[in-house]
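Below is one structure, written out as structure tokens; comments come after it.
Bear in mind that the values in this text are calculations on the coordinates, not laboratory data. Note that this is a predicted model, so its numbers are computed, not measured. Every residue, glycine among them, receives a Cβ derived from its backbone with ideal geometry; neighbour counts consider all protein chains shown.
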Amino acid sequence: MDFSLSMDQEILRKSVRDFAEKEIKPVARELDEREEFSYETMSKMAEIGLFGMFVAEEYGGQGMDYLSYIIATEEMARVDGSHAATVAAGNSLGIGPLYYFGSEEQKRKHLPRLCSGEALWGFGLTEPNAGSDASNSRTNAVLDGDSWVINGSKIFITNASTRISAGATVLCRTGTREDGRPELSCILVEQGTPGYETREMHGKLMWRASNTSELYFDDCRVPEENRLGPRGHGFYQMMQTLDGGRLSIGAMGLGGAQGCFEMALKYSKERVQFGKPIANFQVNSFKLADMALEIECARLLLYKACWLRDNNQPFSKVAAMAKLYCSEVMYRAANHAVQLHGGYGLMKEYDIERFYRDQKLLEIGEGTSEVQRIVIARLIGAL
């Protein structure tokens with residue numbers, strides 16, 4: 001078994017880490033405070049190729065493997081969750097459905113702009129009453145001639161209401177199946193379509209510099225050709241997308257935990273109490289040892305899931321495990337890191353305060369920790 005990364009992957013890690021330290025870290029705290037999505041940093045992330053990383057070059061992508069994309073997301077999350085969220089959602093949730101399920105015409109139309117970072121795309125799954133129970137979607141689409149007429153709403157949608165947002169992939173009820181269950185299909189809704197409105201959400205605990213949106217559809221009419229793949233395949237498409245998305249959330253947990261660990265280690269070696277650095281006290285050194293141990297385990301699990309995906313092997317179970325474990329590792333790392341910072345860990349002038357807030361989303365977004373345990377239990381045959 002070879003656990004080493006390729007030279008290209010090592011170079012990518014270093015280049016993204018250097019970029020994040022130079023371009024993102026100096027502005028992250030201020031952007032978080034102002035709840036501001038930065039078009040300047042978005043442009044810089046696009047310039048270094050952080051969008052369309054796993055997309056074939058013929059559609060404007062970078063043609064990399066999925067592990068390389070995950071490493072890049074991990075390195076962004078090591079510095080700031082908001083910018084990592086923009087990258088993760090831009091790739092796995094925005095680009096992913098179009099790339100894997102879109103027609104050739106849909107790919108040619110949308111992917112080049114999304115891969116260049118010129119535009120962003122939303123993933124319209126969650127609704128006010130359909131979170132973990134995603135199949136309970138109430139947004140309705142009726143085929144009227146050669147157009148779909150959509151009514152309903154979505155909530156907590158990343159990247160959908162910026163001035164460069166080009167549209168969203170929207171899960172809709174398009175009929176009733178023979179077994180009486182709802183027929184669910186995905187429909188592409190472009191920005192500027194009459195009856196389609198996006199609203200930016202504010203007052204968030206976490207990821208305050210990423211864009212989070214509500215979507216509203218009021219007799220929104222889109223061409224029938226905007227359906228993504230076969231009619232009735234929408235829920236499958238969304239769940240397949242979330243399998244890959246879980247890896248990017250795992251990467252955010254892993255990178256965030258690494259950032260917490262590094263901040264805690266540095267501070268505990270500098271902070272002197274009772275005549276010696278607080279890292280020298282066993283109670284604190286054991287916290288750091290536990291953080292290092294769990295981060296190493298999380299990285300191995302996440303990279304294994306990526307390896308399975310890149311080698312066309314079943315990866316759903318390990319992806320759910322990686323998402324769950326990496327999310328909870330960051331929770332514990334952030335908690336230990338704040339404790340090691342003491343009172344200073346509660347102050348906004350220290351980045352650990354932001355990391356402590358940002359970690360909570362990872363246990364909720366793209367399938368809660370509770371849902372991940374249900375998924376795993378099913379896949380091991382316990383349910």
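Under 24 Å Cα to Cα from LYS317, which lysines show up? Leave out anything in the same chain fewer than 8 places away.
Within reach: LYS304, LYS360.
When the helix-only estimate is applied to the chain (DSSP H runs of n ≥ 4, each -39,500 (n - 2.57), divided by the residue count), what is the mean residue ellipticity at 222 nm, nearest 500 deg cm²/dmol?
Calculated from helices alone, the mean residue ellipticity at 222 nm is -16000 deg cm²/dmol.
Can you give the charge dipole size of the chain about its Cα centre, rounded to the nearest 20 debye, using +1 on the beta carbon of Lys and Arg and -1 on the beta carbon of Asp and Glu?
Value, rounded to 20: 980 debye.
For segment 145-160, what does the Karplus curve 6.51 cos²θ - 1.76 cosθ + 1.60, with θ = phi - 60°, yield as ³J(HN,Hα) per residue in whole Hz, taken in order and with x for Gly and Pro?
x, 9, 9, 8, 10, 10, 9, x, 7, 10, 9, 6, 9, 7, 6, 9
Counting other C-beta atoms within 10 Å, and keeping those with at most 13, which DSSP coil GluC sites (Glu not before Pro) do you find in segment 318-367?
GLU349
What Kirkwood Rh does segment 7-120 have if only Cα atoms enter the pairwise 1/r average? Answer in Å.
Every distinct Cα pair counted, the radius reaches 14.2 Å.
What is the order of SER210, SER161, fewest Cβ neighbours within 10 Å to most?
SER161, SER210
Sequence gap at least 6, Cα distance under 8 Å: using those rules, report the relative contact order of the chain to the nearest whole percent.
16 percent
Apply the Karplus curve 6.51 cos²θ - 1.76 cosθ + 1.60, θ = phi - 60°, to the phi angles in segment 94-101 and return the couplings in whole Hz, x for Gly and Pro.
Residue by residue, segment 94-101 yields x, 6, x, x, 5, 5, 8, 10 Hz.
Compute the relative contact order of segment 7-120 as a whole-number percentage, counting only Cα pairs closer than 8 Å that sit 6 or more residues apart in sequence.
The value is 31 percent.
Whole-Hz Karplus ³J(HN,Hα) for segment 339-352, in order, using 6.51 cos²θ - 1.76 cosθ + 1.60 and θ = phi - 60°, x for Gly and Pro?
4, 5, 7, x, x, 5, x, 9, 9, 5, 5, 9, 4, 4
What residue among PHE51, LEU12, TYR69 has its Cα farthest toward the positive end of the dipole of segment 11-85, where the charges are +1 on Lys, Arg and -1 on Asp, Glu, each on the Cβ?
Result: LEU12, furthest along the dipole toward the positive end.
Using amide H atoms built in the peptide plane, which far-off residues or other-chain residues are under 5 Å from TRP148 H to H?
VAL222, GLU224
Can you tell me the 0 to 90 degree angle between the C-alpha axis of helix 369-379 and the longest principal axis of the chain, rounded to 10?
70 degrees
Around GLY167, which amide H atoms from residues at least 5 apart in sequence, or from another chain, sit under 5 Å from its own amide H, with H modelled in the peptide plane?
Counting only residues 5 or more places away or on other chains, the set is GLY122, GLN191.
Enumerate by residue number the GluC sites (Glu not before Pro) in segment 174-212 meeting two conditions: DSSP loop (anything except H, G, I, E, B), and at most 11 other Cβ atoms within 10 Å of the site's Cβ.
GLU178
Could you check which residue among ARG221, ARG29, ARG231 shows the biggest mean-square fluctuation in a GNM of the chain with a 10 Å Cα cutoff?
Among ARG221, ARG29, ARG231, the largest mean-square fluctuation in the Gaussian network model of the chain belongs to ARG231.
With no solvent and one point per C-alpha, what does the Debye sum give as log10 I(q)/I(0) for segment 236-379 at q = 0.14, 0.16, 0.18 Å⁻¹?
-0.66, -0.79, -0.93
Given the options GLY343, GLY61, GLY232, state which has the largest fluctuation in a GNM of the chain using a 10 Å cut-off (strictly under) for Cα springs.
Answer for the Gaussian network model of the chain: GLY343.
Indicate the gyration tensor shape class of segment 122-231 (rounded, prolate or oblate), computed on the Cα atoms with a ≥ b ≥ c the square roots of the eigenvalues: a/c under 1.5 is rounded; otherwise a/b larger than b/c is prolate and the rest oblate.
It comes out oblate by the Cα gyration axes.
Where the centre of each part is set by its Cα atoms, how far does segment 118-184 sit from segment 1-80, in angstrom?
Result: 29 Å between the Cα centres.
Determine the alpha carbon to alpha carbon distance for each of LYS25/LYS204; LYS14/LYS276; LYS204/LYS323; LYS22/LYS109 and list only those over 30 Å.
The answer is LYS14/LYS276; LYS22/LYS109.
Where is the GNM fluctuation largest for the chain (alpha-carbon springs, 10 angstrom cutoff): LEU184, LEU288, LEU242?
Greatest mean-square fluctuation among the candidates belongs to LEU288.
Around GLY232, with a cut-off of 11 angstrom between Cβ atoms, what is the net charge of the other residues, counting Lys and Arg +1 and Asp and Glu -1?
+3
Averaging sequence separations of C-alpha pairs under 8 Å and six or more residues apart, then dividing by the length of segment 122-231, give the relative contact order as a whole percent.
31 percent
If you line up the long axis of helix 234-270 against the longest principal axis of the chain, both from Cα atoms, how many degrees apart are they, to the nearest 10?
Tilt of helix 234-270: around 20 degrees.
Once you wrap a convex hull around the alpha carbon atoms of the chain, what is its projected area averaged over all directions, in nm²?
19.9 nm²
By how many nm would the segment from GLU200 to PHE274 lengthen if fully extended, with 0.36 nm per residue of separation less the alpha-carbon distance?
Gain in length upon complete extension: 21.7 nm.
Within segment 261-345, list the chymotrypsin sites (Phe, Trp or Tyr not before Pro) lying in a DSSP loop whose Cβ has at most 14 other Cβ atoms in a 10 Å radius.
Passing sites in segment 261-345 are PHE274, PHE281.
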